[in-house]
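The values are calculated or read from the model by the stated rules, or taken from the named source; none is laboratory data. Values in this document were obtained by computation on a predicted structure and should not be read as measured data. No Cβ is skipped: glycine too gets one built from the backbone with ideal geometry, and neighbour counts run over all protein chains shown.
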Amino acid sequence: MSISTAASRSGISAPQVSRLERGLLRTVSLEQLCRVARAVGLETSLKLYPVGPPVRDGPSLASIGRFAELLGQPLRLRREVVLPGDRDKRAWDGRVEGGERPGSMECESHLEDIQALARRIALKQRDDPGAGVVILVLNRTAHNRRVLAEHREALRAQFPLDGAAIARELRAGRVPAASGIILV
């Protein structure tokens, strides 16, 4: 599409559209971006990022704390367990130790892309021979309950156990025999 066509469709002058396209504008309004994007068949998307203190995982830390309270003797939770390998920077949010088998714990405070989450956890399991079973800990929110109710069966093969069975085993001082999902 020509600059003049984009300008005509957006109601912005051709020189202004040209400078926008080449990144030469010192400032550009959101309205201008949206009008030119629409004119050339694009959808405008905007992402906002928080500012302030770098620690933004308060909800996850609270969920991890509630999960740790479920552990009966002799189980204990070790937090931030780095995957083996010198170059791997990934970590499990926790590892349940002290039982017959280890259990790794991954916490999500807000479910979004369950396929990406499942892949990320599967890759960690593949790359960590000591992972054991994986307990996916979800913050008990209306959103997470709704997403889980809608998509639980898509995760069933990877995480067969549900929360009640997991809680029962943990309170008894045992790591469950299979992976699962628990809301805390």
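From the list 23, 11, exactly one residue is at pLDDT 90 or above, on the phi > 0 side of the Ramachandran plot and not basic (Lys, Arg). Which is it?
Values: 23 fails: at pLDDT 90 or above.
Going through 23, 11 in turn, the sole match is 11.
Taking segment 94-119 on its own, how many of its residues are among the basic types (Lys, Arg) and surrounded by 13 or more Cβ atoms within 10 Å (Cβ to Cβ)?
Step one: of segment 94-119, the residues among the basic types (Lys, Arg) are 95, 101, 119.
Next, from what is left, pick out any that are surrounded by 13 or more Cβ atoms within 10 Å (Cβ to Cβ): 95.
Of the residues in that region, 1 qualify.
Of the residues that sit in segment 76-92 and are closer than 14 Å to residue 125 by Cβ and touching a strand residue (DSSP E or B) at 6+ places or on another chain (Cβ under 8 Å), which one is modelled with the lowest pLDDT?
By that ranking, first place goes to 88.
Looking at (1) assigned to a loop (DSSP other than H, G, I, E, B); (2) of a type outside the set (Val, Ile, Thr); (3) in the same structural domain as residue 177 (by TED's automatic domain parsing), which is the only condition residue 67 fails?
Here residue 67 clears every test but (1).
Out of curiosity, is residue 46 loosely packed, with under 10 Cβ neighbours inside 10 Å and in a loop (DSSP other than H, G, I, E, B)? So that I can check it myself, show each step before the final result.
Working: loosely packed, with under 10 Cβ neighbours inside 10 Å: yes; in a loop (DSSP other than H, G, I, E, B): yes.
So residue 46 fits the description; yes.
I'd like to know if segment 57-66 contains one or more residues that are touching a helix residue (DSSP H, G or I) at 6+ places or on another chain (Cβ under 6 Å), at pLDDT 90 or above and surrounded by 13 or more Cβ atoms within 10 Å (Cβ to Cβ).
No, every residue in segment 57-66 fails to be touching a helix residue (DSSP H, G or I) at 6+ places or on another chain (Cβ under 6 Å), at pLDDT 90 or above and surrounded by 13 or more Cβ atoms within 10 Å (Cβ to Cβ).
Among the residues of segment 120-147 satisfying the criterion of being out of contact with any helix residue (DSSP H, G or I) (no Cβ under 8 Å at 6 or more places or on another chain) and aliphatic (A, V, I, L, M), which is surrounded by the fewest Cβ atoms within 10 Å (Cβ to Cβ)?
142
For a quick check of your reading: which strands (runs of 3 or more DSSP E) sit entirely within segment 76-167 and have at least 1 residues that are under 15 Å from the mean Cα position of the chain (by Cα) and without any contact (Cβ under 8 Å) to a residue 40 or more places away in the chain? If you could, list the steps in order and put the result at the bottom.
On the way: elements: 76-82, 91-97, 103-108, 133-138.
In segment 76-167, the matching strands (runs of 3 or more DSSP E) lie at 91-97, 103-108.
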